[in-house]
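**Q** Structure below; questions to follow.
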Amino acid sequence: PEAKTIALRMIASMSRSMENRLEIARLDGYRKVLRVLAEGEDGSALGREALRTLQHFLEVQEGEAAAGGDDAPPRLKSALAQAASTTQKFGLNFTVSPSVVWSTTKIAVAEASKYLSSTSEAASHETEEEGEEDTGLSHRTSEGLSDAGHSGMHEWEKFPPSHKAVAGRIEDIELLYNEIYGSNAGDDELYGIDTNLTPRAFTEAIANEHAAQGEMQYDNLMKEIIGVQGALKTLVMKLGEAAQDVQLDVFATITKLMEKSRRNQREFRDVDGYLFVQQMFSGISDYSSDASKLFVKDVFGMLQTIIVDGSKEKLVGNLDALELVLRLIPSDCNLEVRSRAVTSVLELLIMHPMNVVSVRRVAGFDKLLQGLTNITVPLTLDRASLQ
C-alpha cells in the first residue's frame, strides 16, 4: 500500500500540464487509479489517496460552489437566521442561503436602476420634443429610447418575464427533456464511443471530438475522458458503501464530473446514481446532531450545483437532479431532508424566475402539494412556545 500511495502522489505531481494528463489517459492511467479506488477498503489511506488523485485530475476544490457566500451583509444573515429559528419552533427547518437572496437582490436593484434610468431619459426627451409639430416622430423617438433602455438585456432577464420569454424557455426545456428522455436519447451521434479502442486511440478520439465541436476546453475534455473510462460507475459504487465523510468527497468528485457533460450525466443516470444519492440519507441515524444537519446541507448544496449545471444565469440545466430533489419532498425520508428539499426548490426559484418552467416540466408542483399533505405539525405546540 505504501508503494502505491507514493506512486499515486507521483502521478498527481506529473499531471500539472494538460499534455501530461492526456498522456496518462493514453497509458490507461485513470482506469488504474479507479481500480485502486475500487479495491481500497472504506476509509483506508490508500483509497483516500486514490480519490485525491482523481480530484486533482478534475481540479475539484472544496468551497467552489459556495464562493461569494460571504458577500451577504451581516444584517441580512441575521434576519434570515431569525426567520429560520422561527420555523424551527414548528418542528421544521426552512432556511434560505443568504448568498442566494443577496445575489438576487443585487440583480433586482440593477434592473430597477436600468428601468428608472430609461424612464427618466424617455421623459426628458419627450419634454424636449414637446414643441415639435410631428407628434408621430416624437412618439417613435420615445419608443426607441424606451427600447434602448433595455438594450443588451435578454427577454428572460426582465421581470416579470414576457410571454415571449416564457414561451422560449418552455421550448428550450422541451428540447432538453427530449434530449434526455426522447427516443433518440443516447444515440451514437451524441454519446457513442467505440469501447474497443485502445486507451491511446480512445483518448485521441475524445480529444478530436471536442476539437471538432469547437469545445476544446481542457477541464471538459478531462471530464469526458475520465467519465467514459468508468469513473462514474466506480464512484457510485463507493458512494453506496462509504462512510459519511468519504461520501461527501466522492459526491463532490461526481459533481465535477457531471458539470456541463451530457455524456456523464446520462451515464450517472444509467448506473442509478440518483438512487444511491437518495440512499445516502438512509445512513443517518440521528438527524438532530449538528454533524448530520451539516451533512444534509452539503449534499443538497452539491445537488443544487448539479441542477444549475454551471449556468451563470443559474438556470436549471439538469432535469434529473431537479426531479430527485422534488421527489424527496413527498418521500418517507426524515422531515429534515424533506424540508431541505423544499428550501432547495425555493432557492432555485429565487435564483431565476424562469426555473419555474423546469419545475413544472417534471411535475414539481404536484410533488410539492403531495409533500404538503404529508407534513404533520406537532399537536404539542401552543401559542406560548411560538412567541
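**Q** Would you pick out the residues in the stretch 305-348 that are of a type in the set (Asp, Glu) and more than 22 Å from Leu372 (Cβ to Cβ)? Please lay out each step first, then the result.
**A** Here is the first cut: in the stretch 305-348, the residues of a type in the set (Asp, Glu) are 309, 313, 320, 323, 332, 336, 347.
Answer for the stretch 305-348, where residues must be of a type in the set (Asp, Glu) and more than 22 Å from Leu372 (Cβ to Cβ): Asp309, Glu313, Asp320.
**Q** Now, a different point. Which one of the conditions (1) at pLDDT below 80; (2) open to solvent by 40 Å² or more (accessible area, probe 1.4 Å); (3) assigned to a helix (DSSP H, G or I); (4) not β-branched (Val, Ile, Thr) does Asp245 fail to meet, given that it meets all the rest?
**A** Unmet for Asp245, out of (1) at pLDDT below 80; (2) open to solvent by 40 Å² or more (accessible area, probe 1.4 Å); (3) assigned to a helix (DSSP H, G or I); (4) not β-branched (Val, Ile, Thr): (1).
**Q** For Gly364, indicate whether it is open to solvent by less than 60 Å² (accessible area, probe 1.4 Å) and in contact with a Leu (Cβ under 9 Å, 6 or more places away or on another chain).
**A** yes
**Q** Restricting the stretch 25-45 to residues that are aliphatic (A, V, I, L, M) and under 18 Å from Ile254 (Cα atoms), which is surrounded by the fewest Cβ atoms within 10 Å (Cβ to Cβ)? Spell out how you get there, then give the answer.
**A** Initial filter on the stretch 25-45 (aliphatic (A, V, I, L, M)): 25, 27, 33-34, 36-38, 45.
Keeping just the survivors that are under 18 Å from Ile254 (Cα atoms) gives 33-34, 36-38.
Numbers: Val33: 27, Leu34: 22, Val36: 20, Leu37: 24, Ala38: 15.
Ranking the qualifying residues of the stretch 25-45, first place goes to Ala38.
**Q** For the structure I just gave you, tell me whether Asn318 is under 14 Å from the mean Cα position of the chain (by Cα) and in contact (Cβ under 8 Å) with a residue 40 or more places away in the chain.
**A** Spelling it out, Asn318 is indeed under 14 Å from the mean Cα position of the chain (by Cα) and in contact (Cβ under 8 Å) with a residue 40 or more places away in the chain.
**Q** Pairs please, first residue from the stretch 1-20 and surrounded by 12 or more Cβ atoms within 10 Å (Cβ to Cβ), second anywhere and among the hydroxyl-bearing types (Ser, Thr, Tyr), Cβ atoms under 7 Å, 6+ apart in sequence or on different chains.
**A** These pairs meet every condition: Leu8/Thr53; Ile11/Thr53; Ala12/Thr53; Met18/Tyr218.
**Q** Then there is this: When you go through (1) closer than 18 Å to Phe57 by Cβ; (2) open to solvent by 20 Å² or more (accessible area, probe 1.4 Å); (3) touching a helix residue (DSSP H, G or I) at 6+ places or on another chain (Cβ under 7 Å) one by one for Ala231, which number turns out not to apply?
**A** Result: Ala231 passes all but (2).
**Q** Further, regarding this structure: Quick check: anything in the stretch 255-278 part of a helix (DSSP H, G or I), at pLDDT below 90 and over 21 Å from the mean Cα position of the chain (by Cα)?
**A** no
**Q** Of the conditions (1) closer than 22 Å to Glu39 by Cα; (2) open to solvent by less than 60 Å² (accessible area, probe 1.4 Å), Lys256 fails just one. Which one is it?
**A** Of (1) closer than 22 Å to Glu39 by Cα; (2) open to solvent by less than 60 Å² (accessible area, probe 1.4 Å), only one is false for Lys256: (1).
**Q** Okay, moving on. Do we have Glu209 as of a type in the set (D, E, K, R), out of contact with any helix residue (DSSP H, G or I) (no Cβ under 6 Å at 6 or more places or on another chain) and either at pLDDT 85 or above or not in a helix (DSSP H, G or I) (or both) here?
**A** Details: of a type in the set (D, E, K, R): yes; out of contact with any helix residue (DSSP H, G or I) (no Cβ under 6 Å at 6 or more places or on another chain): yes; either at pLDDT 85 or above or not in a helix (DSSP H, G or I) (or both): no.
Considered against the rule, which asks whether it is of a type in the set (D, E, K, R), out of contact with any helix residue (DSSP H, G or I) (no Cβ under 6 Å at 6 or more places or on another chain) and either at pLDDT 85 or above or not in a helix (DSSP H, G or I) (or both), Glu209 comes out as no.
**Q** Take Leu54 and tell me if it is in contact (Cβ under 8 Å) with a residue 40 or more places away in the chain and touching a Phe, Trp or Tyr at 6+ places or on another chain (Cβ under 8 Å).
**A** yes
The values are calculated or read from the model by the stated rules, or taken from the named source; none is laboratory data. This one's a predicted model, so the numbers in the text were calculated from it and none came from an experiment. Every residue, glycine among them, receives a Cβ derived from its backbone with ideal geometry; neighbour counts consider all protein chains shown. Calculation scope for accessible area: heavy atoms of the full protein, side chains included, ligands and nucleic acids excluded. Shrake-Rupley method; radii C 1.70, N 1.55, O 1.52, S 1.80 Å.
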